[in-house]
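Q: Following this message is one structure expressed as structure tokens.
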Amino acid sequence: MNDMPACRRRNAIEVVCHKGANAVAPENTYAAAQQAIDWGADTVEVDIWTSRDGEMVLMHDETVDRTTDGSGYVLGLTAKELAALDAGSWFGPAFAGERIPLLREFLPWIKGRARVFLDVKFAHPQQLLDLLYATGMQRECFIWSGSDALMALFHGLDPTIALKVNVKTPKELIEAHKALGAKIVEVGLNRMHESLVAACRARGIKVMIYEKERDAAAFRQAIAWQPDMINLNHADLFLATLAEVAQEDRGGSAR
């Protein structure tokens, strides 16, 4: 994936905030995205569902029950009904009144401030691609879906759009690259190995490590792999650890 002039990478390893700064703010909200940006993250990951009347919104679950004061399936509620829900009080009183963001409003808001990783739970691929181009975000994002059919549709409709895939072996990587033109591979820290990294490097595919725990030792292990990207829930601790490692390296080279 090419660097984009509107939003350059700030860190030696591109830092992706999973659902925004979801450990300190309600996930998939402006508050979580803003905190991720304030920490210095390069990319904010958000989840996408579609309302009953075709509005794409930021929401992880198929229902609104866990992260709002409402109930019901996202697909069964209109954009107006979703907009009326409180998406912050469940997390803490300081976030009371936080709303479910509409993707068509979220993208212009974040443009130039951070890149976006779109985890597509349910959306029409052409509708999403049209919105990305309309907002000029087509080169400032990458996409993943747990639906193989949706991934194939995204690639078929626009082979230039950056797709991320999850793999465990070089064979799976080669197949994903051939079928989807995958530009990013995500791997759990415990599944990292040299053969997979070598296969990615040989094909110009970026390596993104996923580490969900708040664990400085694990972050040091991830940094030692020198991945292109890291996807995590605790960007604040990772960035502090990254700075510590850089300082240690500078001190070692000075001796």
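Q: Considering just Cα atoms, how many Å³ per residue does the convex hull of the chain enclose?
A: Details: hull volume 32.5 nm³, N = 255.
Once divided by residue count, the hull of the chain is 128 Å³.
Q: Evaluate the charge dipole of the chain about its Cα centre and quote only its size in Debye, nearest 20, assuming +1 on the Cβ of each Lys and Arg and -1 on the Cβ of each Asp and Glu. Walk me through the numbers before you get to the answer.
A: Values: 28 positive and 34 negative charges, 175 e Å.
Its charge dipole is roughly 840 debye.
Q: Provide the per-residue ³J(HN,Hα) series for the range 53-66, in order, calculated from phi with Karplus coefficients 6.51, -1.76, 1.60 and θ = phi - 60°, each as a whole number of Hz, with x at glycine and proline positions.
A: 9, x, 9, 7, 10, 8, 6, 7, 7, 6, 10, 8, 4, 6
Q: Further, regarding this structure: Could you work out the mean projected area of the convex hull around the alpha carbons of the range 6-76, in square nanometres to one decimal?
A: Directional mean of the projected Cα hull area for the range 6-76 stands at 5.6 nm².
Q: Taking the Cβ of Ala87 as the centre, find all other residues whose Cβ is under 11 Å away and add up their charges (Lys, Arg: +1; Asp, Glu: -1). Walk me through the intermediate numbers first.
A: Numbers: positive: Arg66, Arg99; negative: Glu27, Asp69, Asp86, Glu98.
My count for the surroundings of Ala87 gives -2.
Q: Cα centroid distance between the range 24-59 and the range 148-194, in Å?
A: When both Cα centres are located, 23 Å separates them.
Q: Please tell me which of these pairs span more than 27 angstrom C-alpha to C-alpha: Lys111/Lys168; Lys19/Lys178; Lys19/Lys164? Walk me through the numbers before you get to the answer.
A: Values: Lys111/Lys168 32 Å; Lys19/Lys178 29 Å; Lys19/Lys164 16 Å.
Checking Cα-Cα distances, Lys111/Lys168; Lys19/Lys178 exceed 27 Å.
Q: Ok, one more. Tell me the net charge near Lys19. Cut-off is 10 Å between Cβ atoms, Lys19 excluded, with +1 for each Lys or Arg and -1 for each Asp or Glu.
A: Cβ neighbours under 10 Å give a net charge of -4.
Q: Same structure again: What net charge is computed for the residues neighbouring Ala199, neighbours being all others with C-beta under 13 Å from the C-beta of Ala199, Lys and Arg scored +1, Asp and Glu -1?
A: Working: positive: Lys168, Lys171, Lys178, Arg201, Arg203, Lys206; negative: Glu172, Glu175, Glu194.
That works out to +3.
Q: Let me ask something else about it. Packing-wise, with mean Cβ within 10 Å as the measure, how do 116-127, 28-39 rank, highest first? Walk me through the numbers before you get to the answer.
A: Details: 116-127: 19.1, 28-39: 22.0.
Output ranking for 116-127, 28-39: 28-39, 116-127.
Q: Kirkwood hydrodynamic radius, the range 41-131, all distinct C-alpha pairs: what's the number in Å? Working shown, then result.
A: Values: mean 1/r = 0.0741 Å⁻¹.
Computed over Cα pairs of the range 41-131, the Kirkwood hydrodynamic radius comes out at 13.5 Å.
Bear in mind that the values in this text are calculations on the coordinates, not laboratory data. Predicted model, so just to flag it, every value in this text is computed and none were measured. Heads up, the Cβs are rebuilt from the backbone with ideal geometry, glycines too, and the neighbour counts pull from every protein chain shown.
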